[in-house]
1. By per-residue mean of other Cβ atoms within 10 Å, what is the highest-first order of 383-393, 64-74, 451-461, 105-115?
2. For residue 197, enumerate residues with amide H under 5 Å from its amide H, sequence gap 5+ or separate chain, H modeled in the peptide plane.
3. If contacts are Cα pairs under 8 angstrom and at least 6 residues apart, what is the relative contact order of the stretch 107-156 in percent?
4. Distance cut-off 21 Å, Cα to Cα: go down the list 205/240; 162/367; 16/367; 367/410 and report the pairs above it.
5. Give the order of 247, 187, 8 when sorted by the count of other beta carbons within 10 angstrom, beginning with the fewest.
6. Positive end of the dipole of the chain, charges at C-beta (+1 Lys, Arg; -1 Asp, Glu), about the Cα centre: which of 42, 227, 75 has its Cα farthest in that direction?
7. At 1.002 mPa s and 20 °C, plugging the Kirkwood radius over alpha-carbon pairs of the chain into Stokes-Einstein gives what diffusion coefficient in µm²/s?
8. Under a plain spin-label model, where a point goes 7 Å from the Cα along Cα-to-Cβ, how far apart in nm are residue 188 and residue 453?
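Nothing in this text is a laboratory measurement; each read-out follows from the coordinates by a stated rule. Keep in mind that this is a model prediction, so the values were computed, not measured. So basically every Cβ, Gly included, is an ideal-geometry build from the backbone, and we count neighbours across all protein chains shown.
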Amino acid sequence: MFSKEIYTTRRENLRKQLSGGLILLPGNSDVPFNYPANIYTFRQDSSFLYFFGIKNPDFAGIIDADSGEDFLFGNDLDIDDIIWTGEQPSVKELADKCGVKQTYNFSAVYDFISKAISEGRKIHYLPAYRAQTKLLLEKLLGIPAGEVNDNTSEELIKAVVKLRSVKEPVEIKEIEKALDTAYLMHTTSMKSAVPGVKEQEIYGKIEGIALSYGGPVSFPVILSVNGQILHNHHHENILKAGQLMITDAGAETEMHYCSDITRTTPVGGKFSLKQKEIYETVLKANTEVIKKSKPGVFYKDMHLLSAKIIAEGLKSVGLMKGDIDDAVEKGAHALFYPHGLGHMMGLDVHDMEGLGEDYVGYDDTVKRSKLFGTAFLRMARKLEPGFVVTVEPGIYFIPALIDIWKKENKFTEFINYDKLEEYRNFGGIRIEDDILITENGCKVLGKPIPKTVEEIENLMSEFIA
Ligand code: GLY
Ligand code: MN
């Protein structure tokens, strides 16, 4: 945990932004995997972690925006638990670590909230993404579980997003730790991309690296020679020389801060000329965005910049044609780049996405596009110092999408469908870094992971005969 001052200051800052009422922050509980006692690895709720720092299950926190008090609800273990789990810190000890003075047994939260409701007090809570939390809120608030998310507090959501968006120096250090692990995961993946190896072997190896450094992976590892499938979670292929392998993977630290990196590796260690041409375009989109990202810049404009670089690059190899500004404005590039440039990252790999993507990535100054591709952009608003965002452009050749667009004669003025046939089995390329927005620009976080064609080929040449 960070120092108790970090958590008390965060709760104080949250209080200052609300007009009054009680802020109810339930932590997560264990979730059964295939029978009640066999559970998934526990992951605490990120907003609860942010304000209370406690990683254990079955807690709830209340922040009183009127009185300035904080309350923690949780149960000490009894001997029946201790024989299985060993002794654990008491609720009081954990409360002390995050600067909370008043603690109660978990069951007291029901009376606490029921009294507040009878006094007509406002209960602020965030959207729930787990069924257990919805059921808890149903019991606490008397709102049917299915309707709990219709009654969340927009005031609280906006206040939490405001605080969690700007990372504190201690948080940046944690993110950099998660990136140290990502460095090992990705360089291991590159070194392992040898013909004859099964994707599953590399997948297991790099997930093991994350686990061995104390945290889980920050999302299920994406590792595939079918990189054109954006979130490909199948790992059954045997690598063949000449294929491209996408590895999109990151780790959490013990405190649950995340990293999220993508690299694309030529199986066997050498890019072909055709692969290099496409790779250099994606790399340019990645590096130009990094050069231009700074406070005051709309991330939507960075997305459009990356889309234009991608469309220009595709034009230079004969896959696109016509006026590139026009093509991007109309959304023709999305055949090859059907996702957004990036997202916020912090305690969640898609930071705060559970609170509502539009609250995190959009505001009154920028609305979500309705165009296929651009509409999937998660982060569009103006960058501010302290934001951590991913930069992850890509180019993909998705046969199912190509076939639909071709049949519809979609954007024939911008897309050369005949030439595209030569790329049908190309796969995909994505390159992703995590950047911190600084006062004047931005900084790529973490130790540099090989990214240029030369750096990747050099690293691989040391390991692949
Ligand atoms: N790295 C996976 C994603 O950002 O969706
Ligand atoms: Mn990402």
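1. Numbers: 383-393: 22.2, 64-74: 18.5, 451-461: 16.0, 105-115: 14.5.
Answer by packing, highest mean first, reads 383-393, 64-74, 451-461, 105-115.
2. Those qualifying (amide H under 5 Å, at least 5 residues apart or on another chain) are 239.
3. On the way: 37 pairs, mean separation 19.4, N = 50.
Computed over the stretch 107-156, the figure is 39 percent.
4. 16/367; 367/410
5. Numbers: 247 27, 187 20, 8 15.
Fewest to most other Cβ atoms nearby, the residues stand as 8, 187, 247.
6. Selected residue: 227.
7. On the way: Rh = 23.8 Å.
Once the numbers are plugged in, D ends up at 90 µm²/s.
8. It works out to 3.0 nm between the two label points.
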